[in-house]
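Structure first, commentary second.
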Amino acid sequence: MRLSLVELVLLAAAAALVVSALPRCSGGAGQRALIRASWTLTPGVLNAAVTPATIRETICRGGWTRTVRPPTSYTNELKRRQLSAYGLRGPPSAYQEDHLISLELGGDPVDPRNLWPEPYPRAAQVDTIENELNHRVCDGSLSLAAAQRQESALKHRDG
């Protein structure tokens, strides 16, 4: 069977169209696959300075997280290593090096077992949940330990 030049061009165009659509159909390009925190790589680690007795001076004090947040030079380097450990591809800018137990809920600021590459836009959505949990701990409607368990479950289960 011989194909004409027109048929060859049409076939090539159709193949290019299929190849360009594959990433969108497989969870790429705007539809990231669900990425969960690994229990092995990122089990979560607590900040020993944050306890139920100290929450008024730590997580419930405005601006406190700025005093313990690690520098981006540290988190950017850790993110590059963890992207590889998690087997993730793509630009590092597509991920936020996030605390599994957030600083707002007494997570360790620098322990790599409490940090993981959380993909955007999920990272921004989870920030809202973290802030709500902090509010509930600080108003006394939720215990610190319960909030930490909820946050861990959220990131290990739902990403």
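The values are calculated or read from the model by the stated rules, or taken from the named source; none is laboratory data. These numbers were taken from a predicted model, which means no experiment stands behind them. Glycine gets a Cβ as well: all are built from the backbone with ideal geometry, and neighbour counts include every protein chain shown. Ligands, DNA and RNA are stripped out before the accessible areas are found, and what is left, the full protein with its side chains, is counted by its heavy atoms. Shrake-Rupley method; radii C 1.70, N 1.55, O 1.52, S 1.80 Å.
Ranked by the mean number of other Cβ atoms within 10 Å per residue, highest first, peptides 129-137, 68-76 order as 129-137, 68-76. A 1.4 Å probe run over the protein chains yields, for region 30-128, 54 Å² of accessible area per residue, whole-number rounding. Of the residues K79, K155, the one with the largest accessible area comes first in the ranking K79, K155, computed with a 1.4 Å probe on protein heavy atoms. Assuming charge only on the beta carbon of Lys and Arg (+1) and of Asp and Glu (-1), the dipole of region 64-159 about its Cα centre is about 320 debye to the nearest 20.
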